[in-house]
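Colleague: What follows is a single structure, and I will ask about it in a moment.
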Amino acid sequence: MILETLLKRRSVRDFQDRPVEKEKINRLLQASLATPSGKDLRPREFILVDDRKLLEKLSHCKPSGSAFLAGAAFGVVVCANPQQASAWVEDSAIASIILQLAIEEEGLSSCWIQIRERRSPDGGMASDYIKSVLEIPQSFEVETIIAGGYAGNRPPASSTAELELKKLHHNSFLRPFSL
């Protein structure tokens, strides 16, 4: 059930120094391509990065929140061409979270690295830094990097008791939903 996967999924920033099997990577990339897209325009594209030197370079794309990428087994850069679809941000975000759930289903762990509208250490845009490193066309924008691999230190799963039930409403914002 998807609820179990969602409760189990945690943001992991500590990865084992262990490669991920090609079969798992293949399934993850196929899952990325199977994600829904507004009007089925599919503006999002995916770059698998498993080269240690590139992961190290990419780990410096922002002043904070990306350093752990250097220790991941892989990163998937999720980018899109804004000229292809006005909902490119949403399409890329949907693809990113579904990729994270697929990673969890494969017995791996992940962490989302927000790139869109973030600055690089030199004050430029993190997206431009990544485009330069990975030779992404200037017409594209980078939404996220999803870091993945086998977890080193994994936070415990959540439980349904931690869900914020007060954020559920029924037919009106003023009327709480009762499970």
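Colleague: If the cut-off is a Cα-Cα distance under 20 Å, which lysines reach K57, setting aside same-chain residues fewer than 8 apart in sequence?
Modeller: K131
Colleague: Now a separate question. Kindly provide the GluC sites (Glu not before Pro) of the stretch 128-161 that DSSP labels as loop, not H, G, I, E or B, and whose Cβ sees at most 10 other Cβ atoms within 10 Å. Before the final figure, lay out the partial values.
Modeller: Numbers: sites: E135, E141, E143; in loops: E135.
Answer by residue number: E135.
Colleague: Shifting gears a bit: Which chymotrypsin sites (Phe, Trp or Tyr not before Pro) in the stretch 93-179 pass both tests, a DSSP loop state and at most 12 other beta-carbon atoms within 10 Å? Each step should come with its number before you reach the end.
Modeller: Values: sites: W112, Y129, F140, Y150, F173, F177; in loops: F140, Y150, F173, F177.
Qualifying residues, ordered by number: F173, F177.
Colleague: Still on this structure, I have one more. Using a simple spin-label model with points 7 Å from Cα along the Cα→Cβ vector, what separation in nm is obtained for A67 and N153?
Modeller: It is 1.3 nm.
Colleague: Further question on the same structure: If the only charges are +1 at each Lys and Arg Cβ and -1 at each Asp and Glu Cβ, what is the size of the charge dipole of the stretch 2-167 around the Cα centre, to the nearest 20 debye?
Modeller: Dipole magnitude for the stretch 2-167 comes out near 260 debye.
Colleague: Please give the FRET efficiency for E4 paired with K167, using the beta carbon to beta carbon distance and R0 = 30 Å, rounded to the nearest 0.05.
Modeller: 0.90
Colleague: At a Cα cut-off below 17 Å, give the aspartates and glutamates reachable from K22, other chains included and same-chain residues fewer than 8 away excluded.
Modeller: D50, D51, E104, E105, E106
Colleague: Name all residues of the stretch 107-136 having a backbone nitrogen under 15 Å from the label point set 7 Å from the Cα of I47 along its Cα→Cβ direction, giving them as ranges.
Modeller: 115-116, 125-136
Colleague: Please list 89-98, 159-168, 68-77 highest first by mean number of surrounding beta-carbon atoms within 10 Å per residue.
Modeller: Values: 89-98: 20.2, 159-168: 8.8, 68-77: 22.9.
So the peptides 89-98, 159-168, 68-77, ranked by packing, come out 68-77, 89-98, 159-168.
Colleague: Among (i) 10.2; (ii) 12.1; (iii) 11.2, which one is mean projected area of the Cα convex hull in nm² computed from these coordinates?
Modeller: (ii)
Colleague: Report, in order of residue number, the helices in the chain meeting two criteria: a C-alpha extent of 18 Å or more along the helix axis, and a mean Kyte-Doolittle hydropathy of at least 0.0; treat each whole DSSP H run as one helix. Before the final figure, lay out the partial values.
Modeller: Working: long enough: 88-105 (25 Å, 0.84).
Answer set is 88-105.
Colleague: For n ≥ 4 DSSP H runs only, could you compute -39500 (n - 2.57) per run for the chain, divide by its residues and tell me the 222 nm figure to the nearest 500?
Modeller: Only helices count here, giving -9000 deg cm²/dmol.
Colleague: Report the relative contact order of the stretch 63-179, percent, no decimals, based on alpha-carbon pairs under 8 angstrom and at least 6 residues apart. Don't jump to the answer; show the numbers that get you there.
Modeller: Details: 147 pairs, mean separation 37.0, N = 117.
Here the relative contact order equals 32 percent.
FYI, it's all coordinate maths here, none of it is from the lab. All of these numbers come straight from a predicted model, not from anything done at the bench. Neighbour counts run over all protein chains shown; Cβ positions are idealised from the backbone, glycine included.
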